[in-house]
1. Using the Cα centre as the reference, give the magnitude of the dipole from point charges on the C-beta atoms of the chain (Lys, Arg: +1; Asp, Glu: -1; all else neutral), rounded to the nearest 20 debye.
2. Quick one: dipole size for region 100-150, taken about the Cα centre, charges +1 on Lys/Arg Cβ and -1 on Asp/Glu Cβ, in debye to the nearest 20.
3. Between the alpha-carbon centers of region 98-121 and region 1-62, tell me the distance in whole angstrom.
4. Mind checking which helices in the chain clear 15 Å along their axis (Cα) and have mean Kyte-Doolittle hydropathy of 0.0 or more, DSSP H runs only?
5. Classify region 4-93: rounded, prolate or oblate, from the alpha-carbon gyration tensor (a ≥ b ≥ c, eigenvalue square roots; a/c under 1.5 rounded; otherwise prolate if a/b is larger than b/c)?
6. Which one, Val42, Ser86, Leu59, is farthest towards the positive end of the dipole of region 4-93 when Lys and Arg carry +1 and Asp and Glu -1 on their Cβ?
7. Is it possible to state the helix-based mean residue ellipticity at 222 nm for the chain, with each DSSP H run of 4+ residues giving -39500 (n - 2.57), the sum divided by total residues, to the nearest 500 deg cm²/dmol? What is it?
8. Remind me, relative contact order of the chain in percent, using alpha carbon pairs under 8 angstrom and six or more residues apart?
Amino acid sequence: MLSFEQKQAIIESFPELTKKEISMKRLNYHFEDSLYEKTIVVEKLHPNGNGFVYVGDLLKYDKMSNDKGLVNIRDFDETALREIISDAIDFLSEDLDIPVVENWTSRDGVTLELRHHRRDWNIYYQGNLEETFGTHEAAVEYLHEEGFRLKK
């Protein structure tokens, strides 16, 4: 487990975050450029090493987050902490109005559509939702495993 000081150093390596001291020697770190009302990325980082990172409704952290979209980072190592903070910043800076659509085809000529919708990556077959993923990478991995390639 990382110490409070180690976590603090990792968090402060993200120049887009601003530290704000709160009660009981705890710290919050805000992302002031958030596109949403929510600006706190790291909440209640405590000298005992406990703290939370806001991930909202990112499917990638669905099994780890509570009903407020917070993930406890007490036992995170450096790699996991950097990744979740980066994901949280991306989450708060993502413009949901920009559609992303990719067409994928199999050798048999079957076409699937991969659409980015409100932070999820959905795969559609003939307009019907087939699968949902929390990251583009997970959706692409699935499509490759099923024998699909990106149509150019």
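Just so it is clear, none of the values below were taken in a lab; they were calculated from the coordinates. What you see is a predicted model; the values in this text were computed from it and never measured. Positions of Cβ are backbone-derived with ideal geometry, glycine not excepted, and every protein chain shown enters the neighbour counts.
1. 340 debye
2. With only Lys, Arg, Asp and Glu charged at Cβ, the dipole is about 200 debye.
3. 34 Å
4. Span-like helices here: 78-93.
5. rounded
6. Farthest along the dipole direction, towards plus: Val42.
7. Working: 3 runs with 35 residues, N = 152.
It lands at -7000 deg cm²/dmol.
8. In percent, rounded to a whole number, it is 17.
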